[in-house]
Amino acid sequence: MSATFEQWVQTVFDHPVSEPEWYWDEEFESRWEVLDLTDALTVRYLTRIFMRPELLNRYSLEQVAQGIWFLIGESSPGKQGYALISPEVVLGERVACIQAMAEFFRSFVAPAAREPADTEFDPFQGACFMWWDLLWHTFPTNGGMPGGEPELHWTCLKVMSEILDLPSELCQLSALHGLNHWHLQYANQVKQIVDAFLDKTIGLTPRVLDDASKARLGLSM
């Protein structure tokens, strides 16, 4: 029998902050395999936690950061993010999961992020900053170009555009960092998104303005 959502959340987030992280422990595989998760169930659980991030309030931001790296990181031994490109999962459910990421940033990341953003030394902010970078590298590549259904990429672009509109330097930096990667395949769309953001948003920080100027051209950050 597969693990319940509550058991999954506890397994992912309820660990002391450590270096290396809990999921590099030699007992990880046996501890994780007992959950008996399918890709479809993983996508449903991811969507649920993104839509109900208040369930993470019981954990420290450092614990949440560990969980983000585990769930989204392309090199994570749990490979949870790869469920988003699994053909065994209905495309509509995978798209909905990516759409739910906007709610996670809106309801959890933005309120929790201190200003100005500290993506270098703050573990939580660093994980959120790298979110879209990690997701980008989850997509299989073909000749250096990302694979996966176009609908997944269109949804990522739309969600990053929504996150740009949040009044949070961290959220804006995270979205711009991701758009910089998507510029490789969607240059025109990225330029339009960034230009619209710059045109309508006032009071942007120097760092956001600098990253926006790079993202619209696909320059490395």
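Quick check: is even one residue across the range 4-17 closer than 22 Å to Arg94 by Cβ, assigned to a loop (DSSP other than H, G, I, E, B) and free of Cβ contacts under 8 Å to residues at least 60 places away in the same chain?
Yes - at least one qualifying residue is present in the range 4-17.
One residue is enough: does the range 176-197 have a residue meeting the conditions in a strand (DSSP E or B), buried (at least 16 other Cβ atoms within 10 Å of the Cβ), touching a residue at least 24 places away in the same chain (Cβ under 8 Å) and not β-branched (Val, Ile, Thr)?
no
Could you list, in sequence order, the residues of the range 48-66 that are crowded, with 19+ Cβ neighbours inside 10 Å and closer than 17 Å to Thr4 by Cβ?
Hits for the range 48-66 are Ile49, Leu56.
Among (1) buried (at least 19 other Cβ atoms within 10 Å of the Cβ); (2) under 13 Å from the mean Cα position of the chain (by Cα), which single condition is Tyr45 missing?
That leaves (2) as the condition not met.
Which count do you get for residues in the range 18-34 that are among the charged types (D, E, K, R), without any contact (Cβ under 8 Å) to a residue 24 or more places away in the chain and not in a helix (DSSP H, G or I)?
Number of matching residues: 4.
For the range 35-44, check the following and say yes or no: at least one residue is within 26 Å of Pro111 (Cβ to Cβ) and either in a loop (DSSP other than H, G, I, E, B) or of a type in the set (A, V, I, L, M, F, W, C) (or both).
The answer is yes, given that some residue of the range 35-44 is within 26 Å of Pro111 (Cβ to Cβ) and either in a loop (DSSP other than H, G, I, E, B) or of a type in the set (A, V, I, L, M, F, W, C) (or both).
Say we look at the range 139-164 and pick out the residues that are closer than 18 Å to Ser86 by Cβ and buried (at least 22 other Cβ atoms within 10 Å of the Cβ); which of these is modelled with the lowest pLDDT?
Phe139
The values are calculated or read from the model by the stated rules, or taken from the named source; none is laboratory data. These numbers come from a predicted model, not from an experiment. Quick reminder, even Gly has a Cβ in these numbers, built from the backbone with ideal geometry, and neighbours come from all protein chains shown.
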